[in-house]
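The values are calculated or read from the model by the stated rules, or taken from the named source; none is laboratory data. Everything numeric here is computed off the predicted structure, so don't read it as measured data. Heads up, the Cβs are rebuilt from the backbone with ideal geometry, glycines too, and the neighbour counts pull from every protein chain shown.
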Amino acid sequence: MLLRLLDLIENIALWVGCAALLIMGALVTGSVLGRGLFNKPIPDDLLMIGLLMVCVIILPLAYVERSNGHIAVTVIADRLPKPVQTALTILGRLIFAAFIGTMGVVIARKVPKEFEQGLYYDGRLEVPTWPMKVVFAFGVAVFLLRIVTNIIQDLRGSDDDAVT
Amino acid sequence: MDPLTVGIYGLIATLVLLALRVPIAAALGSVASVGIFIIFAWRPGAEFQPEWAWQPTFSLIANNPYAFITTYTLSTIPLFIFMGHLAYEAGFTTDIYRAARLWLARLKGGVAIASVVGCGGFSAITGSSVACAAAMGRIAIPEMLRFGYSKSLASGSVAIGGTLGSLIPPSVLFILYGIFAEQSIAKLFIAAVIPGLLSLAAYVLVIYIWVSRRPQDAPVPDEEISRADKMRALRDCWAIIVLFVAVVGGIYIGIFTPTEAAGIGAATTLALGLILGRLNLSKIYAALKESVFQSSMVFVIAIGGKLFVNFIALTGLASEITMWIETSGVSVFMVMGLIVLMYIFLGMFLDPIGIILLTLPLTIPIVETFGFSLIWFGVVVIKLLEIGLVTPPIGLNVFVIKSIVGDKIPLESIFGGVAWFLLVEVFVLAAILFIPALSLYLTTFL
Amino acid sequence: PTSAEAQMRELRFAEFGPNRGTRAAALEWLDQEMRDRSGGTLGLDITWGGALLGAKTAAQGLSDGVADMASIVPVYAPGQLVAYEVTDTIQFGDEWVGMMATYEFMTTNEAALEEQKKANIKYFGNYTTGPTQLLTREAPVTTAADLDGLTIRATGAFVPALEAKGASTVSMSQPKVYEAISNGSADGSTTYYYVVKAYKHYEVANYITELNMGQVLAFGIGMNMNTYMSLTPDQQALVDELGREFTAYVAEKMYNSRTDVKAELQEGIDGHKIEIVQPTDEFRASLVEIANADVARWKEKAAEKGMDADAVYGAFAALVDKYTAERDANGYPWEAESN
Ligand code: NA
Ligand code: NA
């Protein structure tokens, strides 16, 4: 049940990432057309495209982890005995979680202050600084949930091996 | 502890973690974070004081990666990846590869050669090697695999072909170099043309020799091919030709910049696919999903790499090596050799832009005192950085290819395929080093 | 370690620019002066090219102690040094007046000092870009009509000013400008003389309209407050003294470099010449008027941060007047020395 919920959250995060990529393309195209045809590019386009990258990069992290997509060098570890491999897999996940998690926590901690002070990027549209940091923190949180789930499964899996 | 020592331990720790199957992004990011922490906590001549280190370490871990991924220029990479996936979903890439296969049936490894030449063409519209490998990889590799090409040939040829992205203009790396070295960017661009084409020719040669020795790696079509078949196949390619002309033409006429070309390319592919009825919602969604998936994988490694550059900057490793080279008292010839080795060494671990920022402030003055041309040195450096993109353990272009092929091809096979090309790269590099005219001749016409 | 080694302290300096050009030379000068005057107890360990902190992360990183000193651009760090940003709101191009006014403002104004304390950054000294000019590729621009329909890369207050004259503006990072002008997707850029030289824009553009509009003054060096507090009183005094001298030194260099670069560009570099044209008085005046009105955006930002925006603006404007008068009376200090 909880697993299904996590799957759903990951899928939604992925969809938002997809939408963000589509919007990025539309912003570039819109700006080029606007400039060429009407002498009016989209204001703050570069800023918004850059910020949307957070959705494209961070939101799918959990989904990629679920699909075992994160790249690792497997040639050496694959030759080790199964239990050692499981231990290494868990080690890898923990290190990954520590690194990404730290990033997420530090960024999330900036949000309240930036929200309170109403900080925005210099530019025509006065785009606020905090929303994408919330997205970043959300993407990291989902990723951490996925890591925990995977580690539990790693441990269960190795128990099963021990029984059989 | 001496920061330099921390740096050396850091490199060793990275290798160990990689061998233990820790995800590459996590290995780079964690070693960099811990290393940064130690450097701040354990200042030379003082006790270990962790309370000094938390704030600066957290600051680097959070702010630099965030600033990095929200850089506008980098948005071209996911957009070029998206363009590649759309072209694949719409079947445009299949068309062009069918034509290439029919027309080049007699040429050994014809489709791989076409792919590498395609990389050269794509290099003319993008300033980034990673973008070039990402888009061409999506276009070329599935088609080569479908024709029965071996995994290492299919993946290796595009990984190496992608390195042309920064060598053939336009090129972000040459612009950066030009600013650091105070050299004419136009001259740098033109200086790279012959070395770029030479590299391309060398890759073609490698494929030819490879396939001559191992014909099973690149099967030739056994059916009889008529001229009518060939012409029909060529006619089917009009859409992708329109696409290419629109993007290249748009850049050179000045409707948009090379950075914008990725977004325009994706939009044009989408429009063509929809008009011709070759894309529907589910195909577009598939392309989006794959692009986002791949971008996330590649960028999370790049984030780790970016932090690793900060770590190496704090260790002073690059300045120690250059100082050691400078004061080693060996001949000019040897010094240049050591500089080349240093770039190859750093290229094993760091990304090209990181190496540029770390080393150019140190190496350019040395090269300048020798009286060598800084245009020539620029071509040498960029060539070395491009080689670093495909050398283990950290080879961003190889990882990009891996992100495209997923479980189908192991990382080691891609590095293995690239190894063949690296052998020839030694000769290309030697030619660029010892025959400065290869770089400088064309600049005399400017 | 011997006692001499123990006493030597190298401050980690994060510079986002390359180790070339006027700013780099000024930093080398600063390092040398610091070593000489401190009797070898204080020096700089400079990381060039943003390998440690880029322009966008410099102020935050400095505040967190990633570096002891850094070149900072407050506009990239929203909300952190808003008072400093007031120095960009008045359209005037004189390097020395601007830099000395900014230095005095940042070291004496209560609001500015308060903000530095909160940001954990001690202001050290200033840079400037020199006055803003207009670079164009194909045709000289001397009137509003010439500008109509062009696509210009611009930032800040120049966006509304140029758009009011019928240009469309694009934003892009400085390294991208070369490519954009070269392929014609931008017809020009607001710029500064030293940028045209450093980024080789003379290779792709043919004209500069000498607008002599405002300079970027919210652009300087900060020191981490904890680092500053950890220095001995003598060292602190030395740092204060060097900050002011550094600012004056850069003012002279930038003033001279503007004249030199202008001459070089007119002469031609590698055979690429730039023709320098003068705007009509009417054209320039109306651009200045619109750009100056853009101060409203800063005032809004300052008010949101709880500052008395008019008072802070007034304080800076008064300092600009003060140094303008001083220059008019005595000329530039370096001219006085050479006489
Ligand atoms: Na290129
Ligand atoms: Na490498």
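Within segment A:120-152, the set of residues being in contact (Cβ under 8 Å) with a residue 40 or more places away in the chain, more than 14 Å from chain C (Cβ to nearest Cβ) and closer than 16 Å to B:PRO65 by Cβ comprises A:VAL135, A:PHE136, A:GLY139, A:VAL140, A:PHE143.
Within segment C:270-294, being more than 14 Å from C:PHE158 (Cβ to Cβ) and crowded, with 17+ Cβ neighbours inside 10 Å holds for C:HIS272, C:ILE274.
Just to be sure I understand the filter: pairs with C-beta atoms under 7 Å, separated by 6 or more residues or on different chains, first member in segment B:167-187 and among the basic types (Lys, Arg), second member more than 16 Å from ligand 2 (Cβ to nearest atom). Which pairs pass? Partner pairs satisfying both residue conditions: B:LYS187/B:ILE375; B:LYS187/B:THR443; B:LYS187/B:LEU446. Of the residues making up segment B:397-417, those that are away from ligand 1 (no atom under 16 Å from the Cβ), closer than 22 Å to B:GLY84 by Cα and within 15 Å of the chain's Cα centre (by Cα) are B:VAL398, B:PHE399, B:ILE401, B:LYS402, B:SER403, B:ILE404, B:ILE414. Only one entry in B:TYR9, B:TYR88 is closer than 30 Å to B:THR269 by Cβ and either more than 9 Å from every other protein chain (Cβ to nearest Cβ) or surrounded by 22 or more Cβ atoms within 10 Å (Cβ to Cβ) (or both), namely B:TYR88. Can you tell me which residue in segment B:12-39 is nearest to the other protein chains (Cβ to nearest Cβ), limited to those that are over 25 Å from A:VAL84 (Cα atoms) and out of contact with any Phe, Trp or Tyr (no Cβ under 6 Å at 6 or more places or on another chain)? Filtering first and then ranking leaves B:SER33. Taking segment A:107-137, which residues are over 28 Å from C:SER171 (Cβ atoms) and not charged (D, E, K, R)? Residues satisfying the conditions are A:ALA108, A:PRO112.
Cβ-Cβ distances below 6 Å connect the following pairs, each with a first residue in segment A:66-91 that is at the interface with chain B (Cβ under 7 Å from one of its Cβ atoms), a second residue that is among the small types (Gly, Ala, Ser), and a separation of six or more residues or different chains: A:ILE76/B:ALA19; A:LEU88/A:ALA77. The numbered conditions (1) at the interface with another protein chain (Cβ under 10 Å from one of its Cβ atoms); (2) part of a loop (DSSP other than H, G, I, E, B); (3) surrounded by fewer than 21 Cβ atoms within 10 Å (Cβ to Cβ); (4) without any contact (Cβ under 8 Å) to a residue 40 or more places away in the chain are all true for B:GLN55 except (2).
Can B:ILE364 be described as of a type outside the set (Ser, Thr, Tyr), farther than 30 Å from B:TRP210 by Cα, within 16 Å of ligand 1 (Cβ to nearest atom) and at pLDDT below 95?
So B:ILE364 fails the test.
Within segment B:320-348, if we keep just the residues that are closer than 26 Å to B:THR57 by Cβ and crowded, with 19+ Cβ neighbours inside 10 Å, the residue that is farthest from the other protein chains (Cβ to nearest Cβ) turns out to be B:ILE321.
For C:SER171, the conditions (1) in contact (Cβ under 8 Å) with a residue 24 or more places away in the chain; (2) within 14 Å of chain B (Cβ to nearest Cβ) all hold with the exception of (1).
Just checking, which of B:ALA154, B:ALA105 is of a type in the set (A, V, I, L, M), in a helix (DSSP H, G or I) and away from ligand 2 (no atom under 16 Å from the Cβ)? Lay out the reasoning, then the answer.
Numbers: B:ALA105 fails: in a helix (DSSP H, G or I).
Only one candidate passes the filter, namely B:ALA154.
Taken over segment C:198-238, the criterion of being farther than 21 Å from C:GLN80 by Cβ, surrounded by 19 or more Cβ atoms within 10 Å (Cβ to Cβ) and among the β-branched types (Val, Ile, Thr) is satisfied by C:VAL204, C:ILE208, C:THR209. For B:GLY249, indicate whether it is without any contact (Cβ under 8 Å) to a residue 12 or more places away in the chain and not in a helix (DSSP H, G or I). No, not satisfied.
For segment A:98-109, a residue qualifies if it is crowded, with 19+ Cβ neighbours inside 10 Å and more than 7 Å from chain B (Cβ to nearest Cβ), and the qualifying residues are A:ILE100, A:GLY104.
Residue-by-condition table, conditions (1) surrounded by 24 or more Cβ atoms within 10 Å (Cβ to Cβ); (2) part of a loop (DSSP other than H, G, I, E, B):
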position	(1), (2)
B:VAL158	yes, no
B:PRO169	no, yes
B:TYR177	yes, no
B:ILE194	no, no
B:VAL204	no, no
B:SER212	no, no
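Looking across segment B:410-429, just one residue is in contact with a Pro (Cβ under 8 Å, 6 or more places away or on another chain) and either surrounded by fewer than 20 Cβ atoms within 10 Å (Cβ to Cβ) or of a type in the set (Val, Ile, Thr) (or both), and that is B:VAL428. Among the residues of segment B:374-386 satisfying the criterion of being within 14 Å of chain C (Cβ to nearest Cβ) and surrounded by fewer than 24 Cβ atoms within 10 Å (Cβ to Cβ), which is nearest to B:LEU164 (Cα to Cα)? So the residue we want is B:ILE375. Taken as a whole, the condition of being within 27 Å of C:GLY17 (Cβ to Cβ), more than 16 Å from ligand 1 (Cβ to nearest atom) and at pLDDT below 90 applies to B:LEU357. Only one of the numbered conditions (1) over 19 Å from B:LEU79 (Cβ atoms); (2) modelled with pLDDT of 90 or more is not met by B:SER331, and that is (2).
Could you check how many residues of segment C:51-62 are at the interface with another protein chain (Cβ under 8 Å from one of its Cβ atoms) and more than 11 Å from B:ASN63 (Cα to Cα)?
2
Inspect all residues belonging to segment B:188-197 and state whether any of them is within 16 Å of ligand 1 (Cβ to nearest atom) and over 16 Å from B:GLY378 (Cβ atoms). Yes, segment B:188-197 has at least one match.
The residues in segment B:393-430 that are of a type in the set (D, E, K, R) and more than 16 Å from ligand 2 (Cβ to nearest atom) can be counted, and the count is 2.
Here B:LEU60 passes the criteria (1) away from chain C (no Cβ under 12 Å); (2) touching a residue at least 40 places away in the same chain (Cβ under 8 Å) except the one numbered (1).
To keep it simple, each residue is scored yes or no on (1) in a loop (DSSP other than H, G, I, E, B); (2) more than 30 Å from C:ASN256 (Cα to Cα).
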site	(1), (2)
C:THR102	no, no
C:ALA111	no, yes
C:LYS122	no, no
C:THR128	yes, no
C:GLN133	no, no
C:PRO140	yes, no
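Might you let me know whether segment B:358-375 holds any residue that is in contact (Cβ under 8 Å) with a residue 60 or more places away in the chain, within 16 Å of ligand 2 (Cβ to nearest atom) and closer than 26 Å to B:LYS306 by Cβ? The answer is no, given that none of the residues of segment B:358-375 is in contact (Cβ under 8 Å) with a residue 60 or more places away in the chain, within 16 Å of ligand 2 (Cβ to nearest atom) and closer than 26 Å to B:LYS306 by Cβ. Do we find that B:PRO219 is part of a loop (DSSP other than H, G, I, E, B), more than 16 Å from ligand 2 (Cβ to nearest atom) and surrounded by fewer than 20 Cβ atoms within 10 Å (Cβ to Cβ) in this structure? Here the answer is yes, as B:PRO219 does meet what is asked. Determine, yes or no, whether B:LEU173 is within 10 Å of ligand 1 (Cβ to nearest atom), part of a helix (DSSP H, G or I), on the phi < 0 side of the Ramachandran plot and within 14 Å of another protein chain (Cβ to nearest Cβ). When the stated conditions are applied, B:LEU173 passes them.
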